[in-house]
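The structure appears below as structure tokens.
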Amino acid sequence: MIAVPHGFAQSPGNIALVPKPLNVKELDGYFTIRENTSVISDAAFRGVAELFSRQELGSSMVKIVKRNSAPARNSIYFIKKNLPEQNNKEAYQLDIQPSYVQVIAATVEGAIHGMQTLLQLQLLQKDRNRLPCCSIQDAPRFGYRGLMLDVSRHFYPVNTVEKMIDMMALYKLNTLHLHLTDAAGWRLEIKKYPELTQTAAWRSHQTWKDWWFGDRLYAGEGSPDAYGGYYTQLQAKQLVAYAAARGITVIPEIEMPGHSEEVLAVYRQLSCTGKPYTQGEFCLGNDSSFIFLENVLLEVMDIFPSTYIHIGGDEANKSHWEKCPKCQQRIKDEHLNGVDELQSYGIRRMEKFVSSHGRHLLGWDEILQGGLAPGATVMSWRGESGGIQAAKAGHDVVMTPAGYCYFDSYQANPLTQPEAIGGFLPISKVYGYNPVPSALNSAEAKYVLGVQANVWTEHIPTSEHLEYMIFPRLLALAEVGWTAAGNKNWDSFETRLQKQYTLLQRCNIHYYHPIPNLQIKATA
């Protein structure tokens, strides 16, 4: 539930929704939520109706009925009904009249989006119990609308992730990509390999920067000054359920074959050198590496029911493979042409394993190197070229180019901002992005599943700082993913954004500067 303090004012009567709906018709009058307002739902949408009722009325009392008569006065209805004019499983209609409210959808996903539109309208009003009458028909442009949160470089508690899920749902994003493992720390309990959370989840310095430019050592859980943390399997399952109730799928990322220094520090036999703190890439000539990764993914897949399992695949340093007898033997035995194809061999092998368990492999665009695994989906981050290459080859793509989608970049003059990774990404540039490159024809464009914002957290040590980097840019990204290209307009968005700032304040989102205890990079 989003906590909403009282006392924030806004001019009533404006439908300042983000993302912009497909079709909005403003009507005269208001529907007023009273103490005796009823929430009535078809059985299929009971969970959605109960979630709304708990948040807005402080009660989970929902009447489940078969609606066979005209709407009763002073009631909010959740109605299951086919919407043939909107052939999209996430489509919904919202009808607010002076005497009743109807959320109409064919699916639970659609009902959730309609409910979130209703919540957003409430949060935009001076008196949140008076809803402006309107009629809305809506459906998204893309089926994948995501946010990647890096919890490895800095660990964020469950309540921070839940708050982010609440805000994602409010703006109709439907995928949370959790970057759970990297050199800076392993963040998920794996029962078969306890040292991953006893040691690899903890490092010697609190800030990533001090650790990265210092000794880069790991520490045991409970050691003095050890920094880190992890989600237990129970906590992770609860997060998955929390997100699912709000229409959001959680995709886990387990890095391989690179970015794995923390694993190889405690399971040194899986490296080429056999020594800790010498490399970050698994030895791909060693079958034990694949046994380990498969065992880890079995536990991961038991926690996360997502269609996609993200395996990273980026920025692998291949120099150790060139010198490793086991890796060179693998190249020879598999008739591979060098270390690029060795990486491709490893990705293909993991893709086959993931596919055998009914899932799909997802990876950064480096997985194209040496040839792409047959069922793999590509996240294009190094510009759009990887996504274009994959789409032209008939592979699904999620567009997330750093120049438009990396929210760890500066959003204003660096002299006035806390330290960031670099680059400049103002909200206007995010809003102007089109996830379908002009280089793709209409048939190829169908492989573009959608768009995702990425938040790498090397320089983002607190939850408040995290919110500052994400908001309000996430609102622009939400409209990029949801609203049809021809229906977007920067002037309209900028006007609606001014009203959305009140909503962000009401939700206790630290989108504004300064933030307490946040250090500025320099003075102007």
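The values are calculated or read from the model by the stated rules, or taken from the named source; none is laboratory data. Worth saying up front: this structure is predicted, and the values here are computed from it rather than measured. As a convention, Cβ positions derive from the backbone with ideal geometry for all residues, glycine included, and neighbour counts pool all protein chains shown. The area values use the complete protein model at the heavy-atom level, side chains included, leaving out ligands, DNA and RNA. Shrake-Rupley method; radii C 1.70, N 1.55, O 1.52, S 1.80 Å.
To the nearest 0.05, how large is the calculated FRET efficiency for LYS429 and GLU464 if R₀ is 35 Å and r is the Cβ-Cβ distance? Please list the in-between numbers first.
Values: r = 24 Å, r/R0 = 0.69.
The formula returns an efficiency of 0.90 here.
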Ignoring ligands, DNA and RNA, please state the percent of accessible area on region 66-205 from carbon and sulfur, probe 1.4 Å. 46
To the nearest 10 square angstrom, how much accessible area does TYR230 have with a 1.4 angstrom probe? 60
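Output the peptides 475-484, 430-439, 323-332 sorted from most to least packed, where packing is the average of other Cβ atoms within 10 Å over each peptide's residues. Write down the numbers at each step before the final one.
Values: 475-484: 24.7, 430-439: 17.7, 323-332: 15.9.
Order by mean packing, descending: 475-484, 430-439, 323-332.
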Cβ-placed point charges (K, R +1; D, E -1), dipole of region 418-507 about Cα centre in debye, nearest 20: 320
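Report the antiparallel proportion of the DSSP beta bridges in the chain as a percent, rounded to a multiple of 5.
Details: 22 of 67 bridges.
Counting only bridges with both partners in the chain, antiparallel ones make up about 35 percent.
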Region 75-148, relative contact order [Cα under 8 Å, separation at least 6], %: 33
Each label point is 7 Å from the Cα along the Cα-to-Cβ direction; what then is the distance between the points at ALA484 and ASN74, in nm? 4.0
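If the chain between TYR277 and TYR242 were fully stretched, how many nm would it gain, using 0.36 nm times the residue separation less the Cα-Cα distance? Could you put the intermediate results ahead of the total?
On the way: separation 35, 0.36 × 35 = 12.60 nm, distance 3.73 nm.
Additional length available on full extension: 8.9 nm.
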Anything over 22 Å Cα to Cα? Flag those among LYS275/LYS326; LYS89/LYS352; LYS126/LYS499, in the order listed. LYS89/LYS352
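Sorting check: for 409-419, 103-113, which peptide has the highest mean count of neighbouring beta carbons within 10 Å, and how do the rest follow?
By packing density, highest mean first, the sequence is 103-113, 409-419.
List the relative contact order of the chain as a percent without decimals, with contacts defined as Cα pairs under 8 Å and 6+ residues apart. Kindly include the intermediate steps, with their values, before the conclusion.
Details: 1114 pairs, mean separation 79.5, N = 524.
Result for the chain is 15 percent.
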Once ligands and nucleic acids are excluded and a 1.4 Å probe is used, how much of ARG128 is accessible, expressed in Å² to the nearest 10? 50
Amide hydrogen neighbours beyond the local backbone of MET148, cut-off 5 Å, H modeled: HIS177, ALA453, ASN454, VAL455
Which value in nm describes the separation of the simple spin-label points at ASP287 and ARG46, placed 7 Å from the Cα toward the beta carbon? 5.1
May I ask you to give the solvent-accessible area per residue for the chain, in square angstrom, as obtained with a 1.4 angstrom probe? 40
Positive-end residue, region 234-319 charge dipole about Cα centroid, Cβ charges, pick of VAL263, PHE290, ALA244: ALA244
For LEU361, the net charge from surrounding residues (Cβ-Cβ under 14 Å; K, R +1; D, E -1) works out to -4
May I ask which residue of SER438, VAL448, GLN116 lies farthest towards the positive end of the charge dipole of the chain, with charges of +1 (Lys, Arg) and -1 (Asp, Glu) on Cβ and the Cα centre as origin? GLN116
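Report the calculated FRET efficiency for ASP225 and LYS352 (r = Cβ-Cβ distance, R0 = 56 Å), to the nearest 0.05.
On the way: r = 43 Å, r/R0 = 0.77.
Using R0 = 56 Å, I get an efficiency of 0.85.
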Between ARG54 and ASP127, what length comes free when the chain is fully extended (0.36 nm per residue of separation minus the Cα-Cα distance, one decimal in nm)? 24.4 nm
Carbon-plus-sulfur fraction of the accessible area of region 207-319, 1.4 Å probe, in percent? 51
Using 7 Å Cα-to-Cβ label points, what is the GLU494/ARG382 separation (nm, one decimal)? 3.6
Is any residue of region 435-470 close enough, with backbone N under 20 Å, to a label point placed 7 angstrom from the Cα of TRP212 along the Cα-Cβ axis, and if so, which? 453-470
Whole-angstrom gap from region 156-228 to region 72-105, using each part's C-alpha centre: 41
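Normalise the Cα radius of gyration of region 257-407 by 2.2 N^0.38 Å (N = residues in it) and let me know the number. Walk me through the numbers on the way to the answer.
Details: Rg = 15.3 Å, N = 151, 2.2 N^0.38 = 14.8 Å.
Relative to the 2.2 N^0.38 Å estimate, region 257-407 comes out at 1.03.
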Out of residues 5 or more away from TYR231 or on other chains, whose amide H comes under 5 Å of its own, with H placed 1.01 Å from N in the peptide plane? LEU188, GLU189
For region 332-347, take each phi angle, set θ = phi - 60°, evaluate the Karplus expression 6.51 cos²θ - 1.76 cosθ + 1.60, and give the result in whole Hz per residue in order, putting x for glycine and proline. 5, 5, 9, 6, 9, 9, x, 6, 4, 6, 5, 4, 4, 4, x, 5
Relative contact order for region 149-271 using alpha-carbon pairs under 8 Å, separation at least 6, rounded to a whole percent? 33
Going highest first, how would you order 151-160, 263-272 by mean Cβ packing within 10 Å? 263-272, 151-160
In whole Å, how far is the Cα centre of region 389-468 from that of region 32-47? 38
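Taking all protein chains as present, what is the carbon and sulfur share of the accessible area of region 416-494, in % to the nearest whole number, probe 1.4 Å? If you can, show how the numbers build up before the last one.
Details: 1380 of 2640 Å².
Carbon with sulfur: 52 percent of the solvent-accessible area.
For every helix of n ≥ 4 consecutive DSSP H residues, a contribution of -39,500 (n - 2.57) applies; sum these over the chain, divide by its total residues, and give [θ] at 222 nm rounded to the nearest 500 deg cm²/dmol. Don't skip to the end; give the middle numbers.
Numbers: 18 runs with 173 residues, N = 524.
Computed mean residue ellipticity for the chain: -9500 deg cm²/dmol.
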Would you mind calculating the gained length between LYS81 and ASN317 on full extension (0.36 nm times residue separation, minus the Cα-Cα distance), in nm to one decimal? 79.6 nm
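Which value, in debye to the nearest 20, gives the size of the charge dipole of the chain about its Cα centre, when Lys and Arg are +1 and Asp and Glu are -1 at the Cβ? Don't skip to the answer; put the middle values down first.
Values: 49 positive and 52 negative charges, 293 e Å.
Dipole size: approximately 1400 debye.
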List the residues, sorted by chain then number, that are 5 or more residues from GLU419 or on another chain and whose placed amide H is less than 5 Å from its amide H. LYS521
